[in-house]
Structures are given as C-alpha cells and as structure tokens.
Amino acid sequence: MLDLPRHLLQSTAAAAEMAAGQPPAGLLHPLEETQLAELRLPRRRRHWLIGRWAAKHLLHTYLAETLAAAPALSQILIANDPRGAPYAALAAAQPAFPPQRLPLSLSISHTGHWGLAALCPQQTAAVGADIEQVTRLEPRLVEAICTPGELAQVRARPHDQQDLLITALWSGKEAALKALGAGLSGGIRQIDCTLPAEPPAGEWAELGLDAARDLLAGLAGARFRAWQRLEGEFVITLALLATAETGA
C-alpha cells in the first residue's frame, strides 16, 4: 500500500475568476491580497492563485480533522520563508496579534492551469511537490540537469518515451529539492533519480531518490521516498524526506 502524503491537485476551472487572474471571494487573507496586488502579469497571477487555492483547500480539510472547528479559507495564510519555501499560518482571533505558523510542512507547485499542494506534519517528514508538463528539452539543458547515470537510464529506454522520462527526472529533482528546502539553487544534479521499470502512467509508482551528502548535512539518517504519476500531459511528483529522528 502506498503511503502518500496528503495532496490536492486543482484546476483554474474550479473558479472562473482565477482564469482571469482574480481571487475568488473569501479565498485570501489581507496580507495575501496585498501580495497579489503586486503581481502584474496575468499568467503569474493565475499561477499564484491556483497554488493558493489548492493549498488552502487541502489545509482546510486537514484542519477540519485536527481542530474543533475548521477555519475559513481567508483565515489561512500562505506565506514564504526567507528561502522562498511556503508555510501556512492561522490568523489570530484578534487582528492585533500576528498569524500563528502551523507545525506542518507544505509544498506548492503550479504549471499551466494546474495547481498542486502537499502537506505533512513536520515531526513526520518534510514534503516536496512538483508538477511539470511533458516537453522536449534542449540537449544542453538535459545534460545540465541529468547525472551520467540518469542519462544512461533514459537512453536505454525506447526513443518515444525519452521526453516523458526526462520530464519525470526533472520533476523528481524539483520535488526533492523542495523537501530539502533548497530550491533549484541547491544543485539539481546533486539529486539522483532511479526511474521505475515503466514510465509514469495514471497510477502512482515509486521513484528512487538520493541526494549528495552535503545536501543532507545535519540530517541524521535522512532518506527519501517519492511517487509519480501522469495526469494527461503532466507529470506529478510527491517526495517525503524523513530522518532518523522522525522515524518516517
């Protein structure tokens, strides 16, 4: 049985306003309204909104199970730490008090009209989520992304699978770096993926992930678990990073 982290995939079709770059009523916290107002490009606004929509609905369901009463979506604040990683906070009952950060790991990804969010309690593991559209990358970019071992895996497969497999590698690396809180600056070739026997399809399959030792510095016994599936022409990856202390 797959032990997937909680996640939610949503489309801008869920609310017509988002396709136009406008927030649905009752979605945003006042601090988020200010942040959205600073985004000028329609595409950037759509991506930002669908990411918040997915994350807030996922959090709302989770909090409804763990709190006496579920908060309104506008009481859930999605903010970013100094490294750019998202985190969730709850607005205080009194406006004079700052929102209280929730003890969980949150990851958000978006591309096209899709938004993906995943979470897990921080004492369990750190989570990374990524969604990528299958596309053909320039050979120089492929070599910049992939390790020699990964390139060998791809080249051993049928030619008509290779764009999908390279996208799967890219998505796996992105999800792993998000779980590490490193982002792409952490070094995408320092993440090593082992592809499953079959390319991503409609059912979840495990993806092998490992990271260079310096990325795992200070994380005793750290190990990854990751899963991928295909949604139309998009690869979805969920990654969990557990340490010896978490026991996950």
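The values are calculated or read from the model by the stated rules, or taken from the named source; none is laboratory data. Treat the numbers as computed from the prediction; the structure is a model and nothing was measured. Note: ideal-geometry Cβ built from the backbone for every residue, glycine included; neighbour counts use all protein chains shown.
Observations
- Any chance H159 is in the same structural domain as P86 (by TED's automatic domain parsing) and either under 28 Å from G84 (Cα atoms) or not small (G, A, S) (or both): no
- Just one of the numbered conditions (1) in contact with a helix residue (DSSP H, G or I) (Cβ under 8 Å, 6 or more places away or on another chain); (2) among the acidic types (D, E); (3) modelled with pLDDT of 85 or more is not true of E206: (1).
- Failed criterion for A70 (all others in (1) within 23 Å of P5 (Cβ to Cβ); (2) of a type in the set (A, V, I, L, M); (3) at pLDDT 90 or above hold): (3)
- When region 168-192 is filtered for residues that are in a helix (DSSP H, G or I) and of a type in the set (D, E, K, R), the ones remaining, listed by number, are K173, E174, K178, R189.
- Matching residues in region 147-162 - criterion: being touching a residue at least 40 places away in the same chain (Cβ under 8 Å) and in a loop (DSSP other than H, G, I, E, B): T147, R157
Results for (1) surrounded by 15 or more Cβ atoms within 10 Å (Cβ to Cβ); (2) not aliphatic (A, V, I, L, M), shown as yes or no for each residue.
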| residue | (1), (2) |
| --- | --- |
| H110 | yes, yes |
| H113 | yes, yes |
| L116 | yes, no |
| Q122 | yes, yes |
| A126 | yes, no |
| D130 | yes, yes |
| Q133 | no, yes |
| R140 | no, yes |
| E150 | yes, yes |
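- The single residue among L165, L215, L207 that is under 26 Å from Y87 (Cβ atoms), hydrophobic (A, V, I, L, M, F, W, C), touching a residue at least 12 places away in the same chain (Cβ under 8 Å) and assigned to a helix (DSSP H, G or I) turns out to be L215.
- Scan of region 62-80 for residues that are without any contact (Cβ under 8 Å) to a residue 40 or more places away in the chain and either in the same structural domain as K178 (by TED's automatic domain parsing) or within 19 Å of S105 (Cα to Cα) (or both), ordered by number: L63, A64, E65, T66, L67, A70, P71, N80
- Every condition in (1) outside the structural domain of D163 (by TED's automatic domain parsing); (2) without any contact (Cβ under 8 Å) to a residue 40 or more places away in the chain is met by L137 except one, and the failing one is (1).
- Selection status of A144, of a type outside the set (S, T, N, Q), out of contact with any strand residue (DSSP E or B) (no Cβ under 8 Å at 6 or more places or on another chain) and touching a residue at least 40 places away in the same chain (Cβ under 8 Å): yes
- Applying the set (1) of a type in the set (G, A, S); (2) buried (at least 16 other Cβ atoms within 10 Å of the Cβ); (3) out of contact with any Ser or Thr (no Cβ under 6 Å at 6 or more places or on another chain) to A197 leaves exactly one unmet item: (2).
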